[in-house]
Amino acid sequence: MTKITIINYMNNKNISKEQIINKAIQNAINEFLKSLEKRNSGSARIDGEIPDVREYIKTFDNINSYDIYNTMIDEGLIKTYPIDKTINYIVRKYGLDNRQVRVSPINNGIVDVDIITIILRNTIDSNTLGDIKHDFQTCGYFNNQKPTQIHNTNYLFFCFEPKFSQDVTTMVRQNYRYLYHSSPKIFQDKVMRCGLIPKSKNTLFLYPDRTFLMVGDNLNSQQINVLKNVQTERNSNCNTLNQKETKEHILITIDVSKIPQDVKFYCDPLSHRAIFTNDNIPRHSIVNVEPFTL
């Protein structure tokens, strides 16, 4: 309430002094609440109902429903911190509601892998958001997809995947004779000279450098569908990734018994019966290369 408004009230004989005081107090409270609301608009905390965001988790099984983007994240940790402790740390540090940060188990046909989903206000300030992403990175989790606006809300959805998910090295070596990797044909000569070297050329997911592989002595229909979706996504961006790249692809077959023992494999939560490695797979492990344009 301004000074002039107060004087006008006081000059009005129909308004008591008590009413003037009450009005001034109410105005002061309203102004305080507005300032508080403005101050909290960039907060990470959400009070009230938290939506179900499982439908926003992207996988290569339904790649066609997603936008394409090109941002990459460079993450260089050597291990992933326990998921429950990571969530507890993030919730406490940023004063979040426990329901905002959840564990979402995904089974890719091999084992269950836990990923972290987090819901934040779309008004969150960029510095706080950057700090949250940095803390997840420090704990060994990377933001694997573009932030998604949740329908009919003022919230954004984020998904964080462990850099080192469940180690399936022993299981792979004991149960599979072959692994498969699909690559653009332009890289065939380099693969035959150097083997497979982890490198992220993906524009849909924000992966660190990895080599993705399919398990099984024969590829099933779901695995082939995943590889087809990968090729489709890659083809739509081949000029951006490599001016010389064509839309032809190859399938590389790898003999598990010929892979060095120090190569580790981890479960890929976002592709059916798929794994990845951060290590090099040498040329002598490759036993076949054939055309594989889907």
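The values are calculated or read from the model by the stated rules, or taken from the named source; none is laboratory data. From a predicted model like this one, the values you see are computed outputs, not experimental measurements. Note that we place each Cβ from the backbone using ideal geometry, even for glycine, and neighbour counts take in every protein chain shown. In case anyone asks, the SASA skips ligands and DNA or RNA and just uses the protein heavy atoms, side chains included. Shrake-Rupley method; radii C 1.70, N 1.55, O 1.52, S 1.80 Å.
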Task: Options 152, 144: the member that is within 20 Å of residue 121 (Cα to Cα) and in contact with a Cys (Cβ under 8 Å, 6 or more places away or on another chain) - done: 144
Open item on the list: List the residue pairs whose Cβ atoms are under 7 Å apart, where the first residue sits in region 123-149 and is within 14 Å of residue 159 (Cα to Cα), the second is of a type in the set (Asp, Glu), and the two are 6 or more positions apart or on different chains.
Closed with: 137/75; 141/161; 142/75; 142/161; 144/161; 146/67
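Rundown of residues vs (1) closer than 22 Å to residue 229 by Cα; (2) open to solvent by less than 10 Å² (accessible area, probe 1.4 Å); (3) at pLDDT 90 or above; (4) acidic (Asp, Glu), yes/no style:
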| site | (1), (2), (3), (4) |
| --- | --- |
| 252 | yes, yes, yes, no |
| 258 | no, no, yes, no |
| 261 | no, no, yes, no |
| 267 | yes, yes, no, no |
| 275 | yes, yes, yes, no |
Open item on the list: With the condition being closer than 24 Å to residue 252 by Cβ and of a type outside the set (A, V, I, L, M, F, W, C), I'd like the strands (runs of 3 or more DSSP E) fully within region 111-225 carrying at least 3 qualifying residues.
Closed with: 178-184
Open item on the list: Looking at the structure I just gave you, is residue 58 at pLDDT below 90, under 15 Å from the mean Cα position of the chain (by Cα) and assigned to a loop (DSSP other than H, G, I, E, B)?
Closed with: yes
Task: Counted residues, region 101-114 - those being under 23 Å from residue 179 (Cβ atoms) and either open to solvent by 40 Å² or more (accessible area, probe 1.4 Å) or in contact with a Cys (Cβ under 9 Å, 6 or more places away or on another chain) (or both) - done: 6
